[in-house]
Each structure stands twice: as structure tokens, then as C-alpha cells.
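Read the structure below first, then the notes.
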Amino acid sequence: MTQPPPALTFSVLTLFPELLRPFAAEALLGKAQARGLVQVQLRDLRQWSGNRHHKVDDTPYGGGAGMVIRVDVVARALDALRAEQPVDEVVMLTPAGQTFRQADAEAWAAQGGHWVILCGRYEGFDARVERLVTREVSIGDFVMMGGEAAAACIMEAVARLVPGVLGDQASHEDDSFSSGLLDYPEYTRPPVWEGEGVPEVLQGGHHGAIAGWRRTQALARTLERRPDLLPTAGLTPQDSAELLRLGATPEQLTGWNAPEPPASKPPRRKRKAAADPV
Ligand code: JAH
């Protein structure tokens, strides 16, 4: 039987392919490639320098520090990749790009196809490279020495969402961000470590109670650490009640667009005491 082509191919255009070689070859990304689910091709931009010195950069017009990667070199590289295999997206990694989020990882994995990732070094690319790309992406508001580490982050985030890459498909449904909330805390043995025990409810085997405890923990952690996630967390009326109990104010709930908590239950009537036997 012939293998189907990989659902997703990344071609990384970089001046330092060796930086990414072990990353692509090891662990889950390596396994996914061995199983034909994902492909990572590392391509050295110098191959398209067009000169015997393999020089791909030049000094900036207008002066200033550092070197700029030439647009004609990038254009030749992209033409060559396209001649080998149709390209669906060309992504430039730059601190000026749109921030890459879990929703993007999900969309890219679902879209699949052939993605070229352009990694810069030095002061970056000639501005005209923008005409050659379909997206400009950043992984956060910090400047790195080049795009390679960002490419590694993005490939890992996307590849793990390709069907079959993770052993247990259920396991990414309760990841942080998939639920919209931070994860609940997990515990394993030993049951007591340096005086700190594992919560009793987790050792009891009452699955409903465990699910409720975990939801409360996820809400509490998100309220404490990342309240900015709450407006898009898909909160239920029960969650709203729980957040109030955890110290959130009704005004905060309104700001997060949280649903009204369920009408508070009337106090439970005490069962009428059985008449005293006479
Ligand atoms: C730095 C080329 N966090 C996004 C990001 C992406 C790329 C770069 N820095 C940050 C970068 C120097 C040269 C790219």
C-alpha cells in the first residue's frame, strides 16, 4: 500500500537549518514525520544567494546598524520551493506580525497543506519581502536573534493538533486554551509530599465530584492568573455562580459577558418530623 501524502508540510527557509534539525527529528515531531502525518523540510536560504560567497544580506539603505536580507534571494527560494511542490501559505516570522494563538494553531492544523516559514536573522528582511508572504506572525512581544525558535514553537503547536499525532485524541480537548480556561491542577503519587497531600476528592473515585472540583479549580486559577481569558471562555450560568463564590463581583461578571447565575434555590425545607408515636 502507498502512504497518503502528509496532511501538513512545513518548509522552513532559514540561514541556520542546523538549529532546527534535532528539534524536527526528535520526540513527537520526529514520530509524526516517521508516521507520515507531518513533514518538516529545512531549507538553507544561502542556496539561493546567487553568488559564490553565499551572501544573502546587504547593508541597509539610509544607513544604520546591521544587515538586511535581500528580497531577490527570498523570491528565488520561494520560486524554487513552488517548483517542487505547490505552496499554500508563506509565513514570515517577525516581531511586527500578528500574535500566534491557540486558535491559529487549530486553524492551521485544520487547513493543512504546504506552509513555508521564513526565518529572518540580522535586522530582518527587506520590506519588499512582504509582497511575497501571505502572513506575518509573532509568538509574543519580545525580540529574538532570529525566527528559528519561533518556527519551532509554531510547528510544535500546529503539529500536535494534526489528527493522529498525539497518542490520545481526548488529551488535547482539556488542554489550557481548548476549554478557554487554564488547566486544573493534576496530581500523581506520592499521596503526601513534604506535608502536602493530594486533594481527597481526587482519591475518592466519585467522577461527578471530580469533574466539579476540576471545573472550580480551572475557574479559580483563571480568575486569579488570567482573568483576561474569561470573556471568551464559554462560561455557563453554573460557572458564573462559582466565580461569584470565588470572589468575583457581579460587575466583573457583567464585564466578562458571563451568563446570569441560576436563580438561587429556595432554602431546602426540612422534612416534617414524623409524628411522635403516642
Ligand atoms: C528577530 C529576525 N516573537 C516574534 C519574533 C519573531 C522574529 C524575530 N523576533 C521575534 C526576529 C531578529 C531577526 C527575526
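With N set to the residue count of the stretch 50-133, report its C-alpha Rg divided by 2.2 N^0.38 Å to two decimal places.
1.24
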How big is the stretch 8-159 along each principal axis, measuring the range of its Cα positions in Å and listing the largest first?
47, 34, 26
In terms of the charge dipole of the stretch 96-186, which places +1 on Lys and Arg and -1 on Asp and Glu at the beta carbon, the residue among Phe177, Ala159, Val133 farthest towards the positive end is Val133
Counting only Cα, what are the radius of gyration and maximum Cα-Cα distance Dmax of the chain, in Å?
26.2, 112
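For Met67, Met92, which order do you get if you count the other beta carbons within 10 Å of each Cβ and list the fewest first?
Numbers: Met67 15, Met92 25.
If I rank by nearby Cβ atoms, fewest first, I get Met67, Met92.
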Given the C-alpha centroids of the stretch 36-68 and the stretch 163-242, what is the distance between them in whole angstrom?
45 Å
With Cα atoms, 0 to 90° folded angle of helix 207-225 axis to the chain main axis
60 degrees
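What is the order of Thr188, Thr216, Thr236, fewest Cβ neighbours within 10 Å to most?
Thr188, Thr236, Thr216
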Cα centre as origin, Lys/Arg/Asp/Glu Cβ charges: the chain dipole, Debye:
620 debye
Note down the magnitude of the dipole of the stretch 51-171 about its Cα centre, charges +1 on Lys and Arg C-beta and -1 on Asp and Glu C-beta and zero elsewhere, to the nearest 20 debye.
300 debye
Positive end of the dipole of the chain, charges at C-beta (+1 Lys, Arg; -1 Asp, Glu), about the Cα centre: which of Pro6, Gln47, Leu20 has its Cα farthest in that direction?
Pro6
Low-density loop cleavage sites - GluC sites (Glu not before Pro) in the stretch 77-125, where at most 15 other Cβ are within 10 Å (DSSP)
Glu123
Remind me, relative contact order of the chain in percent, using alpha carbon pairs under 8 angstrom and six or more residues apart?
16 percent
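Please state the shape class of the stretch 20-66: rounded when a/c is under 1.5, otherwise prolate if a/b exceeds b/c and oblate if not, all from the C-alpha gyration tensor. Please report the intermediate quantities before stating the final value.
Values: a/c = 4.32, a/b = 2.62, b/c = 1.65.
The shape class here is prolate.
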Let me know the charge dipole size of the stretch 192-255 about its Cα centre in debye, to the nearest 20, where only the beta-carbon of Lys, Arg (+1) and Asp, Glu (-1) is charged.
160 debye
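Each reported figure results from applying straightforward, stated rules to the coordinates on display, with no laboratory input. Just so it is clear, the model here is predicted, and its values are computed rather than measured. Note: ideal-geometry Cβ built from the backbone for every residue, glycine included; neighbour counts use all protein chains shown.
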